[in-house]
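Below: the structure, in structure tokens.
The values are calculated or read from the model by the stated rules, or taken from the named source; none is laboratory data. All values reported here derive from a predicted model rather than from experimental measurement. Every residue, glycine as well, gets a Cβ built from its backbone with ideal geometry; the counts of neighbours run over all protein chains shown. Note: areas computed on protein heavy atoms with side chains; ligands, DNA, RNA excluded. Shrake-Rupley method; radii C 1.70, N 1.55, O 1.52, S 1.80 Å.
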Amino acid sequence: RKEVEQDPGPFNVPEGATVAFNCTYSNSASQSFFWYRQDCRKEPKLLMSVYSSGNEDGRFTAQLNRASQYISLLIRDSKLSDSATYLCVAPTYNTDKLIFGTGTRLQVFP
Amino acid sequence: GAGVSQSPRYKVAKRGQDVALRCDPISGHVSLFWYQQALGQGPEFLTYFQNEAQLDKSGLPSDRFFAERPEGSVSTLKIQRTQQEDSAVYLCASSLAPRGQPQHFGDGTRLSIL
């Protein structure tokens, strides 16, 4: 089993829709998690850190479920500019090494 | 402000040549990471430095790959006797200590081996 698994998609949604991505991780000791966004032929950029209590940033909400070992990203009121690949990231235990999922591709259409 | 800077942005080399990729991290960032990203995949960890110390090189695919950060700032990833399977985007990232801080990525070097 991969350490971090994501549905590769693509998720094709109309503008204004709500879309959610899940990501499962295998290392139960992982403490902090991140969602990165990557546009085509660009570098990954930090979207959100994921806290135990969940966190929200505008239209984006991240949740962590430790019991089931998954994290989620919810995007409300999708914009065309949200079209990108969303990478789920978990550090390995007791190191700074990040393990990336393969990414979930989102395409928002008019 | 200045982000992570990588050079060259693109590199084309013939199989068997040596290449050197440079990373200039964000000023003051103690930790520096190298990742390899193949098309359609997420970045894969290669190696990690804390200041000048290389703390983890478990992701380097072979002994043809070598990384250094002699003064704890700029880092170079060297690939000797390149092979076609080395073609990928090489990403550098830096972060503040301590552990758990998010990493900030450079634009990457797109390496093509002919």
Report summary line: With DSSP loop assignment and no more than 11 other C-beta atoms within 10 Å, the chymotrypsin sites (Phe, Trp or Tyr not before Pro) in segment A:44-110 are A:Tyr93
Query raised in the report: Quick one: in the protein assembly as shown, what % of C-alpha pairs are over 27 Å apart?
Result: 34 percent
Requested in this report: Report in % the part of the accessible area of chain A that belongs to carbon and sulfur, leaving out ligands and nucleic acids; probe 1.4 Å.
Outcome: 48 percent
**Report entry** For chain B, alpha-carbon Rg over 2.2 N^0.38 Å
**Finding:** 1.00
Query raised in the report: Across chain B, where is the longest run that never hits GluC sites (Glu not before Pro) in a DSSP loop with at most 13 other C-beta atoms within 10 Å?
Result: B:1-51
Query raised in the report: If you roll a 1.4 Å probe over the heavy atoms of the protein chains, what accessible area per residue do you get for chain B, in Å²?
Result: 50 Å²
**Report entry** Per-selection metrics, chain A (Cα): Rg and Dmax in Å
**Finding:** 13.4, 44
Report task. Arrange the peptides A:16-22, B:19-25 so that the one whose residues have, on average, the most other Cβ atoms within 10 Å appears first. Result -> B:19-25, A:16-22
